[in-house]
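To start, the structure itself, in structure tokens.
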Number of protein chains: 2
Amino acid sequence: MWRVITACNGSAVLEQPEFALFEKHRATLERAALACRERHCWSPFPEMPAKYPDSAAAQAAGLAAFQAHLGTRFALEQPGTMGELGEEVSPYSQAPLGIRYPRADPDALFDAAAHAIPAWSQAHASVRLGVLLEALDVLYREHLFEIAQAVMHTAGQSFNMAYAGSGVNALDRGIEALVYAQQAMQAVAPRARWERRFGAAQIVLDKTYRLVPRGVAVCFTCASFPTWNAWPSMLASLATGNAVIVKPHPATVLPMAISVRVFRRVLAAAGFDPNLVTLAVDSVEAPLGKILVKHPKTAIVDFTGSVRFGRWVEENAQPALCFTETAGCNTVVLESADDLDAALRSLATTLCMFSAQMCTSPQNVYVPAAGVRTPEGTVPFDAVAQRLADAVAALTGDPKKAAMILATLQSPQSQALLREMSEAGRRDGTVLLESRPYPHPEFPEARTATPLLIRCTTAERHLYGEERFGPVSFVIRCADAADALFQATRDVKEFGGLTAFLYSTDESYIAAAEAAYATAGAQLTINLTGPMPLNFAAAYSDYHVTGLNPAGNASLTDLGFVAGRFRIAQSRRPAKMEPAAATTLPH
Amino acid sequence: MWRVITACNGSAVLEQPEFALFEKHRATLERAALACRERHCWSPFPEMPAKYPDSAAAQAAGLAAFQAHLGTRFALEQPGTMGELGEEVSPYSQAPLGIRYPRADPDALFDAAAHAIPAWSQAHASVRLGVLLEALDVLYREHLFEIAQAVMHTAGQSFNMAYAGSGVNALDRGIEALVYAQQAMQAVAPRARWERRFGAAQIVLDKTYRLVPRGVAVCFTCASFPTWNAWPSMLASLATGNAVIVKPHPATVLPMAISVRVFRRVLAAAGFDPNLVTLAVDSVEAPLGKILVKHPKTAIVDFTGSVRFGRWVEENAQPALCFTETAGCNTVVLESADDLDAALRSLATTLCMFSAQMCTSPQNVYVPAAGVRTPEGTVPFDAVAQRLADAVAALTGDPKKAAMILATLQSPQSQALLREMSEAGRRDGTVLLESRPYPHPEFPEARTATPLLIRCTTAERHLYGEERFGPVSFVIRCADAADALFQATRDVKEFGGLTAFLYSTDESYIAAAEAAYATAGAQLTINLTGPMPLNFAAAYSDYHVTGLNPAGNASLTDLGFVAGRFRIAQSRRPAKMEPAAATTLPH
């Protein structure tokens, strides 16, 4: 069926043409697997837009490609199209993008996806991996700046974040998912010879183990970070032989529409049915989400989005497998610091980053009532709160700097939330910093807001005891250091939390916090200062979400994220007593 | 924290006393891992009772230990005991065993389990693996024949099956679960150093990755095969740091009570809290199942048992992880055969084995209306059905032979089912073989029945379209060979099915059947004749259940069975710029 030759480095090389894409990208996948194993820093992509090959031309081409979409019908030759729809509005211009997407009949998408699965799932796993790595490579080489512009004008991210967080870092997360998919599939022997004596007879069986996909996966993508969870979820499902229907948030369709079209093109070019990847666009008025989750052909659901709908998905996806990432109260504990100003500067930066619209953005800052110990003495609680407010104000005072860091508000709902929380803060606590729009230097119509910072006590848990999506945070007075840690980790366990941040010079306190946050299930960053955003999550190294609290049930990326997406079917029969086949290619 | 030295074979040896049990059993685990990787035949245990060390004495001691339980209170020093209960009846004597077990307050068990978890989960994974391998070894060395007797007199298995299927093979499945647990845990690096430039600064972080258990697992064990699924489920949860509450079927408590006591003793001897493993006995009248599944502290549910309650568990376990194995219509397709008599003999044996009370027992035999092609010509449908009935009758005519193979009926409900199905068979089809009690040569009061065999057509799907638990099977006339395969695989997909059996001399038909059964999700055995029971499932080699149809959502044992039972929590902090620690012991 295939011929395996051994390269000079000892690795098997697959010579058949269907393995060409795998061979093309194999070094990348092997290097990524090493990074996943050792969790060190690595990426095949340049970190900054300026380092992209022929960057200026590529950026200009990406912008032009994005602009060419505006006011047009997005061509996607997929089945079941019945009219068109599209309601995206740029947070930068607050004007509609005017892009019209096919409105799809869900049944037609499921039927087409189910029809496409057999040939795809029966291909060798390496063939699938090769095609998917090629799709990521095409996204990188041909569409990265187009997607970055699309992310800016839907999610509202800054250009740099759109390039990094929604571009190369998301591609890295995709490769990472492929590493784990390969690992899980290679753990299954493709065949075996089994011999045992039963009474007087020697029974010799040849066994074949097939990887069987679950079926059709539905991948929900969110408004503020469309690609970051979506690409790895799609790749985890596709690599293991499933098909994927992508259901983007209606506010942020374009980045996923471009992605879907790339996957379809690359699949078709490799001889597979492009209907393995389709797009199901809906509207806020007529959402498709519940229909897709409850569809009898839905075998896997990946969901990124709101806590409320995420919980509904978790409760209703069965019998489909369900992987969720929602949100929570990300917590900060300020106990003591060698350099409090450096800590507060880092914290302020991270509170401002993309107007705190990241699932990893901190929200609740827990401080002992007695204040924070420093080498210069204890800084009282009120002073800590004020210095944090000052640090935020310093970052957002200059519109150019503010634009780079705050970017825009994805949704008008966040403006309403800011008004509501400001009022609640004045009523039940103290507003340290009012939110106000800031003038964006490039986009005068941009939907912007500086952060709202509220001071309160643990008696005002109703204020901070849920995710307040947008630039709202709370400095919370706790009884003492032990109470700060107790409150923070209890809130994580109860309300969810992905990330956590701790400043302490006390190693025993740090050890207690590591244990408490591990149990609560938030990924903890300790005493980090300097230019790295506190909530920066590195592909191949940082696990994203633990699955231990309400912020999500899955982790990007561990074996559990991929191992259940395929199943193992075996057949066995008496061996024809010839020597075993020479090929021992794993899955 | 630990010292690693390198043995002459290059593997690290863990010198600290807490690793002593791991070192004691490490060779077994490594050998088992090789078997899982290559799927060949291997076991550390003797296949037959006679090969057990000092077998006669061990068997006598096991019998004596079993008899000593009768009519007594089973001592189990676990928390929350409030009275006692026990309603087991031996299928061999039809007399109550008279064993009284502690009735436990579920809340007390959950609280004790939750309290026991931290120290257990914070131990090194190898420490846990060592303790659990020791527990399996103690079960093997000290309790195997006691458990075999307990299985006989609760589940009703024959002595040989109780030894093999509920003894050594179940221990093998337990070791197998430990192999995959180790593999999933070792895929996570324990720590890493991560360096990246941000602007002008070089950020160097030391990262720690902790394995965090889900919490308290509830393990339901079934009446007819108590240990086989239970031990691997318990071990998968325990190895990954969780605690387990065992909820045995009220008819079959003793094998699990003995198991629980062994785990508790070994855990305590190793310095861990024995409440990591507790027993929750209930009664048919006042079942605890739903209370345990819906308990807020339940984090994992393993369920083996009826289709009906299994479906309820799958639908209601959320947010707990849920692994089920229930039952289904295991199918046989008879298309053509080189030696039809040999095929029918094997089939008859497997239909009789433990009175078809195994989840892998075949039930539905699909035959083309035109009959089965053989080298001597086509044998007509009616003749095939009659020859199968004759083969079954030949096996069950001699009480001594019948006792060895049929054993007993676990439940009186099966007798009622046999009466009901016999009537339905006479009404809607043809009864080829009536069921009747056979006189057990050793136990005159034994609850016995020879198999009921019914002939029908695909129009009588209401007869065979669900699992009929007990010795009932159907020879089903199908339009032709294609229809036989279509009907069989459709029934598997719709009603569930773990195993499937095919006889065909047509390679293209075999290939079609392999593909169709892989999609339907039944593990297929092709053209097997001779002394090996067709439904024999070899640990380390045969995957049990695919998770692709209603017969269960989990597979023993793949990575998906263990990978979700723990989660990964990380912490990261600026590195103290010393050389990295010399120890690189994996999880």
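Restricting attention to the stretch B:541-575, the residues that are more than 7 Å from every other protein chain (Cβ to nearest Cβ) and within 18 Å of A:T546 (Cβ to Cβ) add up to 3. Scanning the stretch A:447-466 for residues being more than 24 Å from A:E335 (Cβ to Cβ) and not in a helix (DSSP H, G or I) gives a total of 6.
Residue check: A:Q183 meets all listed conditions (1) more than 8 Å from every other protein chain (Cβ to nearest Cβ); (2) in a helix (DSSP H, G or I) but one, namely (1). Counting the residues of the stretch B:287-298 that are over 17 Å from B:P250 (Cβ atoms) and crowded, with 22+ Cβ neighbours inside 10 Å gives 1.
Against the condition within 14 Å of chain A (Cβ to nearest Cβ), of a type in the set (V, I, T) and buried (at least 24 other Cβ atoms within 10 Å of the Cβ), how does B:T240 come out, does it pass? For B:T240, the condition - within 14 Å of chain A (Cβ to nearest Cβ), of a type in the set (V, I, T) and buried (at least 24 other Cβ atoms within 10 Å of the Cβ) - is met. The residue list B:T252, B:T227 contains one member that is hydroxyl-bearing (S, T, Y), touching a residue at least 60 places away in the same chain (Cβ under 8 Å) and assigned to a helix (DSSP H, G or I), which is B:T227.
Per this entry, B:P226 is counted among residues that are away from every other protein chain (no Cβ under 14 Å) and touching a Ser or Thr at 6+ places or on another chain (Cβ under 6 Å). When the stretch B:283-311 is filtered for residues that are at negative phi, part of a loop (DSSP other than H, G, I, E, B) and under 21 Å from the mean Cα position of the chain (by Cα), only B:S306 remains. Selection of the stretch B:25-82 for residues being within 14 Å of another protein chain (Cβ to nearest Cβ) and under 22 Å from B:M152 (Cβ atoms) yields B:S43, B:F45, B:P46, B:E47, B:M48, B:A50, B:K51. Among all residues of the stretch B:520-529, there is at least one that is within 26 Å of the chain's Cα centre (by Cα), surrounded by fewer than 23 Cβ atoms within 10 Å (Cβ to Cβ) and free of Cβ contacts under 8 Å to residues at least 60 places away in the same chain. In the stretch B:520-540, what residues are assigned to a loop (DSSP other than H, G, I, E, B) and more than 7 Å from every other protein chain (Cβ to nearest Cβ)? Residues satisfying the conditions are B:A522, B:T529, B:P533, B:L534, B:N535, B:F536, B:A537, B:A539, B:Y540.
Only residues that are surrounded by fewer than 24 Cβ atoms within 10 Å (Cβ to Cβ) and assigned to a helix (DSSP H, G or I) were counted across the stretch A:495-519, and they come to 11. Among the residues of the stretch B:262-276, is there at least one that is within 23 Å of B:M161 (Cβ to Cβ) and among the β-branched types (V, I, T)? Yes; the residues of the stretch B:262-276 include at least one that is within 23 Å of B:M161 (Cβ to Cβ) and among the β-branched types (V, I, T). Checking every residue in the stretch A:312-333 against the condition of being out of contact with any strand residue (DSSP E or B) (no Cβ under 6 Å at 6 or more places or on another chain), part of a loop (DSSP other than H, G, I, E, B), on the phi < 0 side of the Ramachandran plot and without any contact (Cβ under 8 Å) to a residue 24 or more places away in the chain gives at least one match.
Looking across the stretch B:195-218, the residues that are more than 43 Å from the chain's Cα centre (by Cα), within 7 Å of chain A (Cβ to nearest Cβ) and surrounded by 14 or more Cβ atoms within 10 Å (Cβ to Cβ) come down to B:R196, B:I203.
Matching residues to (1) under 25 Å from the mean Cα position of the chain (by Cα); (2) surrounded by 23 or more Cβ atoms within 10 Å (Cβ to Cβ):
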site	(1), (2)
A:L76	yes, no
A:Y101	yes, yes
A:D111	no, no
A:L129	yes, yes
A:L133	yes, yes
A:L139	yes, yes
A:I147	yes, yes
A:V151	yes, yes
A:S158	yes, no
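Just one of (1) over 25 Å from A:A236 (Cα atoms); (2) at pLDDT below 95; (3) out of contact with any Asp or Glu (no Cβ under 9 Å at 6 or more places or on another chain); (4) not β-branched (V, I, T) fails for B:D542. It is (2).
When we screen A:E514, A:E494 for residues that are acidic (D, E) and within 11 Å of chain B (Cβ to nearest Cβ), the only hit is A:E514.
When we screen B:P375, B:P362 for residues that are free of Cβ contacts under 8 Å to residues at least 60 places away in the same chain, more than 21 Å from B:P437 (Cβ to Cβ) and not small (G, A, S), the only hit is B:P375. Residues of the stretch B:427-446 that are buried (at least 20 other Cβ atoms within 10 Å of the Cβ) and part of a strand (DSSP E or B): B:L432, B:L433.
In the set (1) within 30 Å of A:H40 (Cβ to Cβ); (2) without any contact (Cβ under 8 Å) to a residue 60 or more places away in the chain; (3) of a type outside the set (S, T, N, Q); (4) surrounded by fewer than 24 Cβ atoms within 10 Å (Cβ to Cβ), the condition left unmet by A:A164 is number (2).
Return yes or no: is B:R141 away from every other protein chain (no Cβ under 14 Å), among the charged types (D, E, K, R), free of Cβ contacts under 8 Å to residues at least 24 places away in the same chain and outside any strand (DSSP E or B)? Considered against the rule, which asks whether it is away from every other protein chain (no Cβ under 14 Å), among the charged types (D, E, K, R), free of Cβ contacts under 8 Å to residues at least 24 places away in the same chain and outside any strand (DSSP E or B), B:R141 comes out as yes. Looking across the stretch B:499-511, the residues that are touching a strand residue (DSSP E or B) at 6+ places or on another chain (Cβ under 9 Å) and away from every other protein chain (no Cβ under 11 Å) come down to B:T505, B:D506, B:Y509.
The values are calculated or read from the model by the stated rules, or taken from the named source; none is laboratory data. Remember, predicted model here, so these are calculated numbers, not experimental data. Heads up, the Cβs are rebuilt from the backbone with ideal geometry, glycines too, and the neighbour counts pull from every protein chain shown.
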